[in-house]
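Peer 1: Got a structure here, written out as structure tokens. Questions coming.
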Amino acid sequence: MKICFAGFDLPEGKVKFQDEKVITLEHKFAPQKTTPFYAEFIKEDFQNCDAVFIARERILDLLILDLEKLETRRDRTGDDRERKLLDKCLEYLEQEIPLCCVKFTEEEAALLRGLAPLSLKPTVVAAEQPEVNEVIKAVLEAAGVVFFYTAGKKEVHAWPVAEGADIVTCAGKIHSDLARGFIKADIVSYHDLMGVHNLNEARSKGLVKLVDRDYSIRPGDVVEIRFNI
């Protein structure tokens with residue numbers, strides 16, 4: 001995830017997210033490899049980023065770009081639906097409200113995605129200098145991203161995914177073969193797993209759920225995929 005920042009003194013480049021779950025899972029399993037989540041911080045490049053973290057006093061630096069773009073589009077469009085949507089967007093932008101904070105209908109959202117306004121990206125506006133980890137947490141929340149985990153002696157790995165994603169999508173995050181050959185998945189919550197020695201003990205204590213492809217991931221789920229290809 002590329003996070004553009006403006007108005008704050010933050011490090012540029014890749015930054016490791018200090019995920020307490022990864023840290024404790026690593027301590028528990030002593031794996032050969034640990035793969036945490038990394039965010040990439042870029043300075044004042046609203047175009048080439050996935051999300052924005054910006055100081056309150058700098059918010060117009062972002063919004064003015066959308067105002068200019070959408071005003072030009074509104075003045076040129078012959079589509080009444082589009083003009084109505086653009087008027088709605090401009091009204092919010094003039095109130096210094098990023099478009100990611102506005103509720104749109106599915107039809108409006110589809111039209112707007114085609115126009116790609118910058119403030120439609122997950123945008124966090126802050127008043128004070130934050131810690132780096134706080135920035136990543138706030139942006140992940142704004143983007144609706146949560147983590148599930150795979151954990152064992154071989155590797156502990158944090159996997160970012162959209163909140164509420166189905167288990168097959170999550171399997172595909174790990175490897176395309178796991179999604180293609182998905183059968184079922186074993187799921188144990190992070191908190192339950194921390195109370196036992198390993199996944200086998202969690203199974204023996206009835207803490208592991210065997211789920212089908214319609215299961216929606218929950219933050220902190222520790223996952224083992226059953227598949228056949």
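Peer 1: For segment 1-40: of the residues being among the aliphatic types (A, V, I, L, M) and buried (at least 17 other Cβ atoms within 10 Å of the Cβ), which is nearest to Gly195 (Cα to Cα)? Walk me through how you get there before you give the answer.
Peer 2: As a first pass, look at segment 1-40 and keep what is among the aliphatic types (A, V, I, L, M): 1, 3, 6, 10, 15, 22-23, 25, 30, 39.
When the remaining residues are screened for being buried (at least 17 other Cβ atoms within 10 Å of the Cβ), the result is 1, 3, 6, 10, 15, 22, 25, 39.
Values: Met1: 32, Ile3: 35, Ala6: 42, Leu10: 37, Val15: 30, Val22: 15, Leu25: 11, Ala39: 30 Å.
Result: Leu25.
Peer 1: Also: Scan (1) in contact with a strand residue (DSSP E or B) (Cβ under 9 Å, 6 or more places away or on another chain); (2) surrounded by 18 or more Cβ atoms within 10 Å (Cβ to Cβ) for the single condition Glu134 breaks and write down its number.
Peer 2: It fails just one condition, (2).
Peer 1: If we scan segment 171-190, do we find a residue that is of a type in the set (Gly, Ala, Ser), under 14 Å from Pro219 (Cβ atoms) and crowded, with 18+ Cβ neighbours inside 10 Å? Lay out the reasoning, then the answer.
Peer 2: Here is the first cut: in segment 171-190, the ones of a type in the set (Gly, Ala, Ser) are 171-172, 176, 179, 181, 185, 189.
After this cut, where a residue has to be under 14 Å from Pro219 (Cβ atoms) as well, the list is 189.
Pick out the ones that are also crowded, with 18+ Cβ neighbours inside 10 Å and you get none.
No, segment 171-190 has no match at all.
Peer 1: With the requirement that a residue be among the hydroxyl-bearing types (Ser, Thr, Tyr) and over 22 Å from Phe53 (Cβ atoms), what does segment 74-112 give you?
Peer 2: Residues of segment 74-112 among the hydroxyl-bearing types (Ser, Thr, Tyr): 77, 92, 105.
Of everything in segment 74-112, those that are among the hydroxyl-bearing types (Ser, Thr, Tyr) and over 22 Å from Phe53 (Cβ atoms) turn out to be Thr77, Thr105.
Peer 1: Please state which one of Val196, Val139 is free of Cβ contacts under 8 Å to residues at least 24 places away in the same chain, out of contact with any Gly (no Cβ under 9 Å at 6 or more places or on another chain), hydrophobic (A, V, I, L, M, F, W, C) and outside the structural domain of Val15 (by TED's automatic domain parsing).
Peer 2: So the residue among Val196, Val139 that is free of Cβ contacts under 8 Å to residues at least 24 places away in the same chain, out of contact with any Gly (no Cβ under 9 Å at 6 or more places or on another chain), hydrophobic (A, V, I, L, M, F, W, C) and outside the structural domain of Val15 (by TED's automatic domain parsing) is Val196.
Peer 1: Another question, if that's okay. Working only within segment 49-95, note down all residues that are in a loop (DSSP other than H, G, I, E, B) and touching a Lys or Arg at 6+ places or on another chain (Cβ under 7 Å). I'd like the intermediate steps shown before the answer.
Peer 2: Within segment 49-95, the subset in a loop (DSSP other than H, G, I, E, B) is 49-50, 77-79, 95.
Matches in segment 49-95: Cys49, Asp50, Thr77.
Peer 1: Only one of (1) in a helix (DSSP H, G or I); (2) out of contact with any Leu (no Cβ under 9 Å at 6 or more places or on another chain); (3) not hydroxyl-bearing (Ser, Thr, Tyr) is not met by Cys100, so which one is it?
Peer 2: Here Cys100 meets the rest and fails (2).
Peer 1: Oh, and also: Out of everything in segment 42-63 that is over 16 Å from Ala126 (Cα atoms) and without any contact (Cβ under 8 Å) to a residue 60 or more places away in the chain, what residue ends up being surrounded by the most Cβ atoms within 10 Å (Cβ to Cβ)?
Peer 2: Checked segment 42-63; the qualifying residue surrounded by the most Cβ atoms within 10 Å (Cβ to Cβ) is Ile42.
Peer 1: Something else now. Which of the numbered conditions does Val223 fail, given that it passes all the others? Conditions: (1) outside any strand (DSSP E or B); (2) in contact with an Asp or Glu (Cβ under 8 Å, 6 or more places away or on another chain); (3) closer than 19 Å to Glu163 by Cα.
Peer 2: (1)
Peer 1: Might you check whether a residue that is outside any loop (DSSP other than H, G, I, E, B), touching a Leu at 6+ places or on another chain (Cβ under 7 Å), over 18 Å from Cys49 (Cα atoms) and β-branched (Val, Ile, Thr) occurs anywhere in segment 148-167? Give the derivation first.
Peer 2: Looking only at segment 148-167, we keep the residues that are outside any loop (DSSP other than H, G, I, E, B), and these are 148-151, 155-162, 166-167.
Still in the list and also touching a Leu at 6+ places or on another chain (Cβ under 7 Å): 149, 151, 156.
Within this subset, residues satisfying the condition of being over 18 Å from Cys49 (Cα atoms) are 149, 151, 156.
Next, only the ones that are β-branched (Val, Ile, Thr) stay: 156.
Looking through segment 148-167, at least one residue is outside any loop (DSSP other than H, G, I, E, B), touching a Leu at 6+ places or on another chain (Cβ under 7 Å), over 18 Å from Cys49 (Cα atoms) and β-branched (Val, Ile, Thr).
The values are calculated or read from the model by the stated rules, or taken from the named source; none is laboratory data. Note that the structure is a prediction, hence the values are computed from the model and not measured. A quick note on method: Cβ atoms are made from the backbone with ideal geometry, for glycine too, and the neighbour counts reach across all protein chains shown.
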